[in-house]
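Any read-out appearing in this document is the output of simple, stated calculations on the displayed coordinates, not a laboratory observation. Bear in mind the structure is a predicted one, so any value in this text is a computation, not a measurement. No Cβ is skipped: glycine too gets one built from the backbone with ideal geometry, and neighbour counts run over all protein chains shown.
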Amino acid sequence: MVISYKKLWKLLIDKDLKKKDLIKLAGISQSSVAKMTRGDTISMDIILKICTALDCNIGDVVDAVPENHSETGRIQ
């Protein structure tokens, strides 16, 4: 399984926010946002800060998806 942050990026678009706005609102580092952009894992503390800042739940910002699934959800 891998972590997908697609829901977070969509949520930012829906709230008309940019990544730099998220950094300020959540009090997280630019390197944490860079890790998420690359699809790397981050700590649960950072995810909780994001959820608090955006007033949402963990499932609203991250998904665990099988590694063998493409972006469309089909097995490669």
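Where only DSSP H runs of four or more residues are counted, the chain gives -14000 deg cm²/dmol as its mean residue ellipticity at 222 nm, each run worth -39500 (n - 2.57). In vacuum, with every alpha carbon of the chain counted as one equal point scatterer, what does the Debye formula give for log10 I(q)/I(0) at q = 0.16, 0.17, 0.19, 0.24 Å⁻¹? Two decimals, please. Summing over Cα pairs of the chain leads to -0.56, -0.62, -0.76, -1.15. Summing +1 for each Lys or Arg and -1 for each Asp or Glu among the other residues whose beta-carbon sits under 14 angstrom from that of LEU12 gives +3.
Using 0.36 nm per residue and subtracting the Cα-Cα separation, the extra length available between THR41 and LYS15 on full extension is 7.0 nm. Here the Karplus curve 6.51 cos²θ - 1.76 cosθ + 1.60, taken at θ = phi - 60°, turns the phi angles of segment 24-41 into couplings of 5, 4, 8, x, 10, 7, 5, 5, 5, 5, 4, 4, 5, 4, 7, x, 6, 7 Hz, with x standing for Gly and Pro.
Overall, the chain carries a charge dipole of about 260 debye about its Cα centre when +1 sits on the Cβ of Lys and Arg and -1 on the Cβ of Asp and Glu, all other atoms neutral.
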